[in-house]
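Worksheet for the structure shown next.
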Amino acid sequence: MSGAIRVVVHAPTPTGGRRVRVNGESLGLAYGLRDVAEFLRRAGLEIDLAEVAQVPWIDWRGGGPEHWGPPGGPLTHG
């Protein structure tokens with residue numbers, strides 16, 4: 001993975017989704033790890049679903065990869 005690529009998964013929104021950005025470009029609202037993997041695939045970054053939560057080049061903000069519910073709500077794994 002090139003150091004030039006910047007992936008940010010933002011904190012959960014009130015609806016529970018998390019905005020995903022690559023190099024500042026919004027790729028969409030993810031509701032689970034599958035969505036993150038698919039957005040990255042569409043952006044040309046091939047990643048195995050099992051690796052999404054573990055790779056160091058994804059910046060998880062407002063909670064780690066296990067946080068998908070709305071703020072203050074139950075956690076769900078996507």
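Every read-out reported here was derived from the displayed coordinates using simple, explicitly stated rules and does not represent laboratory data. Just so it is clear, the model here is predicted, and its values are computed rather than measured. Don't worry about glycine lacking a Cβ; one is built from the backbone with ideal geometry, like all the others, and counts go over all protein chains shown.
Between the helical axis of 33-42 and the longest alpha-carbon principal axis of the chain there is an angle of about 30 degrees.
Taking K and R as +1 and D and E as -1, what net charge do the other residues with C-beta under 12 Å from the C-beta of residue 53 add up to? Its environment carries a net charge of -2. Across the chain, the relative contact order, built from alpha-carbon pairs under 8 Å that are at least six residues apart, equals 34 percent. Of the beta bridges in the chain, as assigned by DSSP with both residues counted there, near 75 percent are antiparallel.
Please give the calculated 222 nm ellipticity per residue for the chain, where each DSSP H segment of at least 4 residues contributes -39500 (n - 2.57) and the sum is spread over every residue; nearest 500 deg cm²/dmol?
Calculated from helices alone, the mean residue ellipticity at 222 nm is -4000 deg cm²/dmol.
Using alpha carbons only, the radius of gyration of the chain set against its Kirkwood radius gives Rg/Rh = 0.94.
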